[in-house]
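Student: Take this structure, written in structure tokens, and hold onto it; I'll ask about it next.
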Amino acid sequence: MTADRTVTETIAATETATIVADIAVVGGGLAGSLAAAVLARAGHRVALIDKRAIYPDEFRVEKIGGHQLEILRRLGFIGGLESVGCPYDRVLNIREGKVVDVSVGRAYGLPYADLVAMARRQMPDPCSLIVDEVTAVRSSDDVQHLELASGRRVNARLVVLATGMAGALGYKLGIRRRVLAERHSVSFGFTIARRDGAPFDFEALTCYGERTADGIDYLSLFPVPGGMRANLFMFRDPTDPVMRDLRRETEATVLRLLPGLQPYLGDFRVTDRIQNWVMDLSVVEGHLQAGVVLIGDAFQTNCPAAGTGVARLLTDVERLCTEYAPRWLMTEGMGREKISEFYADRDKVASDQHSLKMARFRQALTSRDDIRWDVRRRLHFLRRSITHRVDQMRPGWLAHVRTALRA
């Protein structure tokens, strides 16, 4: 990370040459900011180090729902999320212009930068944020030493790397990233509105791809404070000419690829810049080191279409910051045997494995054109459609079945 000198340093307490903390969190995106807030609220001395005082607008997490809300509630962030997110409760799911089913359940849409800012505001002491760049980490079984670009140092018992896919600092520690699937998926983000200014006829909508050759998993439309946000997820070569078409002629290209959308969108336009993201599936190796632990994308990346990234991140934060880090700090030392407990945690391992499994499943369900997957795809949507129709005839039936299965 390179320190952003265009922002004002707000950390008056960090003018000293050496800063002492229990835990140093490197990387102030969602994972790092949430982790720092949880740990600081528990009474630990935390230094959150990031190059930016205000996190920029990036195309990352833009909606939160389902099991993710349960974890945020347990961690004490649900009130903060409600204050910045745009709530919605029903998602109309369509394919080839026909309704597949309707998803019911509270969710929130919001810009990633607002989500990060919310997490940072939960820190009891704003001075815990150090706007600087970590240039080196010297780890040991006892105290970890971080050198900053400003010349200052941070000494901490534990270092949490939440640097996302930026691997420079990890590389210096001997941590390597192994790519499991290069250019696994492509995502686009943009905001839309009707040209006549009228609202859309749906609260939120998901439109699934119609042809395997197009490589489209789905287009998700959901409200955010600034309008109706669109997230398009594809399994297609990023160099394909259609990617250029999506950037230059977004409205026409979206309707060409998903013609069943036209009756639902009407005459619409894109109201902001098109954001694009190409994702590799990867995991790290050489990460089991004394005094240093990796969370979120710093440990393993996810397929955005699978929707498992936030759940993985939240699982990492919850298990590390409520179970392991507080217990580690109660005894001397911070050797590999302690760090290994987190990486072997049952919930974390299950979440990591589920994320990779869903990434491969979404790609196969979207793109595989052999008979086996063609049949499986048809059955997948047919089962959803039949379940939806039965639930319409007998409202509450599906909820009762799910409750019985969980019992």
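The values are calculated or read from the model by the stated rules, or taken from the named source; none is laboratory data. Everything numeric in this text was worked out from a predicted model, so none of it was measured. FYI the Cβ positions are ideal-geometry reconstructions off the backbone, even for glycines, and counts take in every protein chain you see.
Student: Being of a type in the set (Val, Ile, Thr) and either assigned to a helix (DSSP H, G or I) or touching a Gly at 6+ places or on another chain (Cβ under 6 Å) (or both) is the filter here, so list the residues in the range 310-334 that pass it.
Tutor: Val310, Thr315, Val317, Thr322 - these are the residues of the range 310-334 that are of a type in the set (Val, Ile, Thr) and either assigned to a helix (DSSP H, G or I) or touching a Gly at 6+ places or on another chain (Cβ under 6 Å) (or both).
Student: Here's a follow-up. Residues of the range 159-180 being touching a helix residue (DSSP H, G or I) at 6+ places or on another chain (Cβ under 6 Å) and of a type outside the set (Val, Ile, Thr), which ones?
Tutor: Answer for the range 159-180, where residues must be touching a helix residue (DSSP H, G or I) at 6+ places or on another chain (Cβ under 6 Å) and of a type outside the set (Val, Ile, Thr): Leu161, Ala162, Gly164, Met165.
Student: Find the strands (runs of 3 or more DSSP E) located wholly in the range 67-158 whose residues include 2 or more that are in contact (Cβ under 8 Å) with a residue 60 or more places away in the chain, of a type in the set (Lys, Arg) and not assigned by TED's automatic domain parsing to the domain that holds Gly174, and list them. Explain how you work it out, then say what you get.
Tutor: Details: elements: 86-95, 98-109, 129-131, 134-138, 144-148.
Of the strands (runs of 3 or more DSSP E) lying wholly inside the range 67-158, those with at least 2 residues that are in contact (Cβ under 8 Å) with a residue 60 or more places away in the chain, of a type in the set (Lys, Arg) and not assigned by TED's automatic domain parsing to the domain that holds Gly174 span 86-95.
Student: Would you check which residues across the range 103-135 are surrounded by 17 or more Cβ atoms within 10 Å (Cβ to Cβ), aliphatic (A, V, I, L, M) and over 21 Å from the mean Cα position of the chain (by Cα) and list them?
Tutor: Leu129, Ile130, Val131, Val134
Student: Hey, could you check the range 341-355 for residues that are among the hydrophobic types (A, V, I, L, M, F, W, C) and farther than 18 Å from Thr301 by Cβ and say which is nearest to the chain's Cα centre (by Cα)?
Tutor: Going through the qualifying residues, I end up with Phe342.
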